[in-house]
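Working notes for the structure below.
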Amino acid sequence: MNRSNPIGIFDSGIGGLTVVKRISANLPNENIIYFGDTARVPYGSKSNSTVIEYSIQDANFLIKKNVKLIVVACNTASSAALDALRERFEIPIIGMIEPGAKMALETTKNEKIGVIGTNATINNKAYSSELLKIDPKAEIVEKACPLFVPLAEEGWLDHKATYAVAEEYLKELKSAKVDTLILGCTHYPILSKVIQDVIGNEVRLIDSGTAATKIVEDYLNGRNLRNPSNNIGIHEYYVSDLPIKFKEVAERFLGRKVSNIHKVDLEEITGN
Ligand code: DGL
């Protein structure tokens, strides 16, 4: 494997850019190829078999671009497809669930952990199984918060509607007195101010993207796979639908100008 090959990151759409932001902050010299499946988003309301099928196609696209490692930024895809991807491909694949769960267990004091995510991630019990595998005594309260995704994309980061939705979604977690809350969806770090305000300052928020970034860093360091170049890495973005909306939201999510966005035909992804 060539050390200067890019890191491949895929997501159902735009949200995975929160993970790109973390990875590029910690590993600024790495080249990154991002694929956002904007034509088929959302994954969070789809069945596991569909998400597995799409994720295999997404990973295949990145492998053809000679990436040295794949990060499944999408929590839904991580929850449904990680095993299938690892079985199928030899390339190292890092998902969101295990890193997020481990960080939450390192953080909690009272072993009461909240998890929020899409319907699929919560129905798959992905985080709770991982948490209980490591700490069978942990108490876990999970809640699907699907409306957070469109609110984040709309940029309603400080809007009273977002506060109202958060109050409704987070009330069980509040009354369960969780001291740690896993943000188990790509979009939720964007809404962290509202989530923190509503759940209370004493609750620690866990960004799975941050946790996964640490794993990526350790992986590359441990295998001498860091890009040797001292230049800032090149980032290329591929999307399966028109890039206009992607560009607008991407610039908001990343807080900087985004270029190098290419549209890929879905036929190229599906191989049909
Ligand atoms: N990227 C998805 C996730 O992290 C959220 C958007 C979707 O439902 O596709 O679960």
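Quick notes
- Those helices (runs of 4 or more DSSP H) lying entirely in the range 94-141 with at least 1 residues more than 20 Å from Tyr169 (Cβ to Cβ): 97-107, 126-134
- Qualifying residues in the range 197-226 (those that are touching a strand residue (DSSP E or B) at 6+ places or on another chain (Cβ under 9 Å) and not in a helix (DSSP H, G or I)) - the one surrounded by the most Cβ atoms within 10 Å (Cβ to Cβ): Ile206
- Residue tally, condition part of a helix (DSSP H, G or I) and over 22 Å from Asn123 (Cβ atoms), over the range 58-79: 6
- Unmet requirement for Thr50, which otherwise passes all of (1) within 12 Å of the ligand (Cβ to nearest atom); (2) within 15 Å of Ile269 (Cα to Cα); (3) in contact (Cβ under 8 Å) with a residue 24 or more places away in the chain; (4) among the hydroxyl-bearing types (Ser, Thr, Tyr): (3)
- Taking the criterion of being small (Gly, Ala, Ser), closer than 18 Å to Leu205 by Cβ and in contact with a Gly (Cβ under 8 Å, 6 or more places away or on another chain), the only residue of the range 110-125 that qualifies is Gly117.
- Considering Glu111, Glu98, the condition of being within 16 Å of the ligand (Cβ to nearest atom) and either buried (at least 22 other Cβ atoms within 10 Å of the Cβ) or modelled with pLDDT of 95 or more (or both) is satisfied by Glu98 alone.
- Given (1) of a type outside the set (Phe, Trp, Tyr); (2) on the phi > 0 side of the Ramachandran plot; (3) crowded, with 16+ Cβ neighbours inside 10 Å, index of the condition Asn66 fails: (3)
- Matching option when the condition is more than 15 Å from the ligand (Cβ to nearest atom), touching a residue at least 24 places away in the same chain (Cβ under 8 Å) and touching a strand residue (DSSP E or B) at 6+ places or on another chain (Cβ under 7 Å), among Leu105, Leu69, Leu27: Leu69
- Residue in the range 244-258 that is touching a strand residue (DSSP E or B) at 6+ places or on another chain (Cβ under 9 Å) and closer than 15 Å to Lys65 by Cβ present: no
- Per the conditions (1) free of Cβ contacts under 8 Å to residues at least 24 places away in the same chain; (2) exposed (fewer than 14 other Cβ atoms within 10 Å of the Cβ), the sole criterion not satisfied by Val258 is (2).
- Sole residue being buried (at least 18 other Cβ atoms within 10 Å of the Cβ) and within 14 Å of the ligand (Cβ to nearest atom), chosen from Asn123, Asn119, Asn75: Asn75
- Inter-residue pairs, beta-carbon under 8 Å, first under 18 Å from Val72 (Cβ atoms) and in the range 112-139, second basic (Lys, Arg), 6+ apart: Val115/Lys143; Ala120/Lys46; Ile122/Lys143
- Among the criteria (1) under 18 Å from the mean Cα position of the chain (by Cα); (2) surrounded by fewer than 20 Cβ atoms within 10 Å (Cβ to Cβ), the one Ile91 does not fulfil is (1).
- Scanning the range 143-168 for residues that are surrounded by fewer than 18 Cβ atoms within 10 Å (Cβ to Cβ), part of a helix (DSSP H, G or I), within 16 Å of the ligand (Cβ to nearest atom) and modelled with pLDDT of 95 or more yields a total of 1.
- Scope the range 215-252; condition acidic (Asp, Glu) and under 19 Å from Pro6 (Cβ atoms); matching residues: Glu217, Asp218, Glu236
- Residue in the range 196-212 that is farthest from Glu106 (Cα to Cα), counting only those that are more than 15 Å from the ligand (Cβ to nearest atom) and not charged (D, E, K, R): Val198
- Within the range 170-185, tally of residues that are within 20 Å of the chain's Cα centre (by Cα) and either surrounded by fewer than 22 Cβ atoms within 10 Å (Cβ to Cβ) or assigned to a strand (DSSP E or B) (or both): 5
The values are calculated or read from the model by the stated rules, or taken from the named source; none is laboratory data. Here the structure is a predicted model, which is why all the values come from computation and not from measurement. Quick reminder, even Gly has a Cβ in these numbers, built from the backbone with ideal geometry, and neighbours come from all protein chains shown.
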